[in-house]
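Have a look at the structure below, then the notes.
Values quoted throughout were computed directly from the atomic coordinates according to the rules given, and no laboratory measurement underlies them. Just so we're clear, the structure is a prediction, and the values are computed from it rather than from any experiment. All Cβ positions, even for glycine, are placed from backbone atoms using ideal geometry, and neighbour counts span all protein chains on display.
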Amino acid sequence: MTLMLGVVLAGPAGAAAAAENPRPNVIFIMADDQGSADAGCYGSTDIQTPAIDALAASGVRFTQFYSAAPVCSPSRAGLLTGCYPWRVGMPGNGSAPPSEKDDDLATYTGKGLPVGGFTLPRMFQSAGYTTAHIGKWHLGIGAGTQPLQQGFDYSFGFLGGCIDNYSHYDYWDGANRQDLWENGQRVRLPGQFFPDLIVQKAEAFMATHKTQPFFMYFAINVPHYPYQGDPKWLDYYKAKGVAYPRDLYAAWVSTLDDRVARLMKYLDDTGLRTNTIVVYQADNGYSTEVRAHGGGGSSAPYRGAKFSIFEGGTRLPAIISWPGHLAAGQVRGQLAHACDWLPTLAEICGIPVTTTNKLDGLSLAKVIQSAAAASPHDVLCWRFENQWAVRQGPWKLMHDPKTYSEPSKVTLVDGQWFLANIPDDPGEQTNLAASHPDLVERLKKIYESASVEQPR
């Protein structure tokens with residue numbers, strides 16, 4: 001399909017800037033395993049996040065924003081393709097990184113994004129942007145699925161799911177898997193703190209391309225485990241008496257916030273901020289895995305965590321900011337979804353979307369402009385392993401949901417179903433499936449129709 005979309009701007013100042021340079025830069029910051037409530041602007045009273053809060057104050061903050069999945073790879077696949085992740089071959093996490101004996105990525109195999117598929121960076125490339133992936137990938141290591149083969153002109157970071165931030169070895173498969181790459185070549189920078197490295201690489205990329213439009217996917221791997229927060233923040237939360245493991249997690253989130261602050265300072269210092277859209281999103285809920293010390297994050301007031309299709313697994317922080325062009329200090333409660341960023345950024349930047357794919361994302365441009373605008377979505381769906389969910393209006397039907405944050409199993413109707421009215425019960429504590437059997441059947445049919453497999 002081909003959509004010719006226009007630039008969304010606010011007021012005469014925005015119109016004048018657009019006339020001078022109709023193609024703004026775009027930086028997409030993707031946080032990793034950040035809880036729904038783990039930023040000051042999202043209600044946290046014990047974690048310091050001044051940079052994230054300032055970004056929200058300068059733009060539009062969403063309060064009913066959903067990731068494409070409750071786990072890393074499919075969540076990112078939804079963002080970069082505008083499609084439900086199971087439709088682009090990423091229903092679950094991507095492959096582990098290559099071992100030392102598999103150093104040639106040109107011949108490496110493994111599951112990942114479809115080779116040659118339509119992606120957000122390819123869309124920006126088609127409009128003359130220079131594109132960069134910096135940070136975590138986790139979307140494929142096989143030939144055709146790597147960052148440079150998915151629309152990025154430059155890539156620095158790791159290909160698997162997580163690394164030690166000092167040695168850069170894969171955190172799951174041990175010392176035989178060093179996982180740090182630049183433009184498809186293994187690099188070794190032992191002892192250098194990864195969050196600092198990616199800020200340095202981001203600044204270098206922007207310095208090189210500041211006279212031409214650029215798109216940068218800044219996929220910082222924080223606060224995903226291992227919790228390796230800055231010593232100043234570890235000392236701060238210890239002095240505040242924050243209990244374990246919240247103290248370790250909080251220090252890691254504040255470490256993330258400091259790197260966001262550095263990026264924003266660079267934009268301000270170089271004069272790039274006025275012509276740069278910044279989007280911030282978390283990929284899924286906080287982790288309760290053993291490697292994450294069993295938790296530390298917060299989904300309050302929602303139920304669930306990472307891996308869960310309850311709200312706490314997918315309802316997450318999301319912000320868009322472009323001072324002088326988009327509204328500032330605004331909050332939007334409309335239903336929104338990570339797949340929406342592709343058509344939304346296309347419309348804001350005035351880029352045509354040319355693809356044979358049926359996008360599941362819809363533009364949020366009108367919602368960003370006006371709190372009175374309706375959500376573009378009638379139906380949203382999620383799927384992860386045996387769990388799935390469908391949302392229509394106030395109703396959310398879940399099949400075999402798990403919380404990953406509670407010791408006891410969820411009570412389900414017929415051993416399968418949980419129905420919640422989200423506006424009335426955002427914490428999903430009351431299962432209404434038994435009292436609304438007709439609604440359960442209707443939503444099941446909607447899910448079956450909306451989530452049917454389609455070629456991409």
For peptides 341-347, 310-316, 417-423, sequence by mean Cβ density within 10 Å, most packed first: 310-316, 341-347, 417-423
Magnitude of the charge dipole, segment 380-450, Cβ model with Lys/Arg +1 and Asp/Glu -1, debye to 20: 180 debye
Among the listed pairs K396/K445; K306/K409; K210/K265; K111/K396, those beyond 23 Å (Cα-Cα): K111/K396
Proportion of all alpha-carbon pairs of segment 380-450 beyond 17 Å (%): 38 percent
Separation of the T107 and D414 label points, Cα + 7 Å toward Cβ, nm: 5.3 nm
Listed residue (W388, S405, A420) projecting farthest to the positive dipole end of segment 380-450, Cβ model: W388
Whole-Å distance, taken between Cα centres, linking segment 39-100 and segment 186-253: 16 Å
For segment 245-287: Kirkwood Rh in Å [reciprocal of mean 1/r, alpha carbons]: 12.2 Å
Distance histogram in 5 Å bins (all Cα pairs of segment 115-253, percent per bin): 2, 10, 17, 19, 17, 14, 10, 6, 3, 1, 0
Lys/Arg +1, Asp/Glu -1 at C-beta; the chain dipole; positive extreme among L362, Y66, A143: L362
Ordering of 230-238, 81-89, 49-57 by packing [mean C-beta count within 10 Å, highest first]: 81-89, 49-57, 230-238
The chain, helix-only ellipticity at 222 nm - DSSP H runs n ≥ 4, -39,500 (n - 2.57), divided by all residues, nearest 500: -7500 deg cm²/dmol
Dimensionless Rg ratio for the chain, taking C-alpha atoms and the 2.2 N^0.38 Å reference: 0.92
